[in-house]
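In what follows, a single structure is set out as structure tokens and then discussed.
The values are calculated or read from the model by the stated rules, or taken from the named source; none is laboratory data. Here the structure is a predicted model, which means the values were calculated and not measured. All Cβ positions, even for glycine, are placed from backbone atoms using ideal geometry, and neighbour counts span all protein chains on display.
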Amino acid sequence: MVTVCAYLCSSSGAKAAEPVAFSDKAIIEPQIIDFGDLPGDSTYTFFLNGVKGGGSTAIAGNDAFALKLDQWNNTGNIGFTEFGVVDYVFEPWGQGSPETVFEENIHLTFVNNKTVGEVLIYVDGELAGYVDANFDLSGESGIMAARMSLETDIMGEGSVIYSWASYDQVLDEDTIRELADAAVPTELPEIEVDPEEVIASSFYAHLNPKLVDFGELSESATYVFSFKAAKGGASTAIAGNDSVALKLDQWNEQGIFGLTVFGVADHVFEPVGEGSTSSVFDENVHVAYVNDLVLGETRLYVNGTLAGKLAANFELTGEAGVMAARLSLNTDPMANGSIMYNWATYNSALSDEAIAALASEAVYYDPTGPHTSPIVVDFGPLSVEGLPEPYTFEFFFNAQKAGVS
């Protein structure tokens, strides 16, 4: 945030209003800003491109008031809220429209005229509406969200506020129009990506081959699996699509982990590190495939330890099968008695340390039955990062009535 130290000049050459505070650095996620000291009449300008959030989408706000791009509850109108009191929507007035505009660049000006007891809204420089009330939005405030917690009425993903400014006076229509005409998109900041962020995952134990979604994986990627596999046929797959397959046992019963590019090659891992590239059947195992596009290789980790490398890469994104190869799920399936406890994908080449940590945290549990008497079972991890709430519990049973409950 930058405080202006000199007057701006209008196109006529006359001195224009001086902002109390402003920023021309694009904002792409909710944060705290400082509008400056605005005890009386004030004006707030925003140049933005907003994506719909939930039932209400805020531009800015504190714990008492919020400026709304879409007023509660999906009214489709610009407004402002006094929390716990009233949700105002702007009454149409002037040449503009106070209707909500999503996914388009738009310049908005809120003129908070306490002297006459009204707020005017200007859209792209044109007067669009009024409310016979006022708000207090001074000092620290949230932007791209309401309330200081930044958890209320958040703008949707992909939103950007290119610039904003606050003034301790009522701006006139000519000045507002000039500001709107001069507004241009500013450069978006680079998004910092957490290399250990889970792109897709499942903690639902699968007993049979299943189609899943590995998410959008456009760069180097890591695929992590925890399972207990029974040997299938001449080849046993961990996962795959119609182009490639990650093999627990490479064709034709080589007893070695591998990578198959259908119609091209059946690769096997060359041993490196302290791990083993030998197939693991009938016991719990944690396996990670690191598809490193930068080094042009794929690395295999077994139970958290580097075990093998091969000089090839693959593309396995979006829909895929687990416990089998190909989307038909009929190729190289794991045999009956196998369990895929969980899996996860990452849009990066995870480090040795990160993979070792995942392996050490792996939880294996028995989802099988049948049970004919009360028994203690392990539902597996329920407080896992990346696992959405609410949780779902599924039971298949035939019960006989016992007592009153």
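Descriptive notes on the structure:
- Residue list for region 14-37, filter: assigned to a strand (DSSP E or B) and at pLDDT 95 or above: ALA21, PHE22, SER23, ILE27, GLN31, ILE32, ILE33, ASP34
- Within region 43-70, the set of residues being more than 17 Å from VAL160 (Cβ to Cβ) and of a type in the set (Gly, Ala, Ser) comprises GLY54, GLY55, SER56, GLY61, ALA64, ALA66.
- Scanning region 96-142 for residues that are in contact with a helix residue (DSSP H, G or I) (Cβ under 7 Å, 6 or more places away or on another chain) and part of a strand (DSSP E or B) yields HIS107, THR109, TYR122, LEU127.
- Sole residue being within 23 Å of the chain's Cα centre (by Cα) and modelled with pLDDT under 90, chosen from LEU188, LEU211, LEU217: LEU188
- Flag not set for SER276, criterion: of a type outside the set (D, E, K, R) and either closer than 16 Å to ALA344 by Cα or in contact with a Pro (Cβ under 7 Å, 6 or more places away or on another chain) (or both).
- Filtering region 159-174 to residues that are surrounded by fewer than 20 Cβ atoms within 10 Å (Cβ to Cβ) and in contact with a Ser or Thr (Cβ under 8 Å, 6 or more places away or on another chain) leaves ASP168, GLN169, VAL170, ASP174.
- Of the residues screened, LEU188 is one that is of a type in the set (A, V, I, L, M, F, W, C) and surrounded by fewer than 16 Cβ atoms within 10 Å (Cβ to Cβ).
- Scanning region 59-87 for residues that are touching a Ser or Thr at 6+ places or on another chain (Cβ under 7 Å), of a type outside the set (Asp, Glu) and either buried (at least 16 other Cβ atoms within 10 Å of the Cβ) or under 11 Å from ALA146 (Cβ atoms) (or both) returns ALA60, GLY61, ASN62, PHE65, ALA66, LYS68, LEU69, GLN71, TRP72, ASN77, ILE78.
- Filter pass, GLU140 being within 34 Å of the chain's Cα centre (by Cα), at pLDDT 95 or above and surrounded by fewer than 14 Cβ atoms within 10 Å (Cβ to Cβ): yes
- Any hit, region 242-255, residues being out of contact with any Gly (no Cβ under 7 Å at 6 or more places or on another chain), of a type outside the set (A, V, I, L, M) and either without any contact (Cβ under 8 Å) to a residue 12 or more places away in the chain or not in a loop (DSSP other than H, G, I, E, B) (or both): no
- Qualifying residue in region 210-221 (condition: in contact with a Lys or Arg (Cβ under 8 Å, 6 or more places away or on another chain) and part of a strand (DSSP E or B)): no
- Any chance ASP136 is of a type outside the set (A, V, I, L, M) and either touching a Pro at 6+ places or on another chain (Cβ under 8 Å) or over 16 Å from PHE35 (Cα atoms) (or both): no
- Pairs where the first residue, in region 67-87, is in the same structural domain as VAL131 (by TED's automatic domain parsing) and the second is among the charged types (D, E, K, R) and not in a strand (DSSP E or B), C-beta under 8 Å, 6+ apart: LYS68/ASP153; ASP70/LYS52; TRP72/ASP153; PHE83/ASP63; PHE83/ARG147
- LEU150, sole failed condition from (1) within 24 Å of ILE27 (Cβ to Cβ); (2) crowded, with 22+ Cβ neighbours inside 10 Å: (2)
- Within region 328-346, the set of residues being more than 19 Å from ASP266 (Cβ to Cβ) and either buried (at least 18 other Cβ atoms within 10 Å of the Cβ) or in contact with a Leu (Cβ under 8 Å, 6 or more places away or on another chain) (or both) comprises LEU329, SER338, ILE339, MET340, TYR341, ASN342, TRP343, ALA344, THR345, TYR346.
- Restricting ALA230, ALA237 to those that are in a strand (DSSP E or B), in contact with an Asp or Glu (Cβ under 7 Å, 6 or more places away or on another chain) and assigned by TED's automatic domain parsing to the domain that holds LEU295 reduces the list to ALA237.
- The residues on offer are LEU259, LEU248, and the sole one that is crowded, with 24+ Cβ neighbours inside 10 Å, out of contact with any helix residue (DSSP H, G or I) (no Cβ under 8 Å at 6 or more places or on another chain), under 22 Å from GLU361 (Cβ atoms) and at pLDDT 95 or above is LEU248.
- Scanning region 259-281 for residues that are touching an Asp or Glu at 6+ places or on another chain (Cβ under 6 Å) and among the small types (Gly, Ala, Ser) returns a single hit, SER279.
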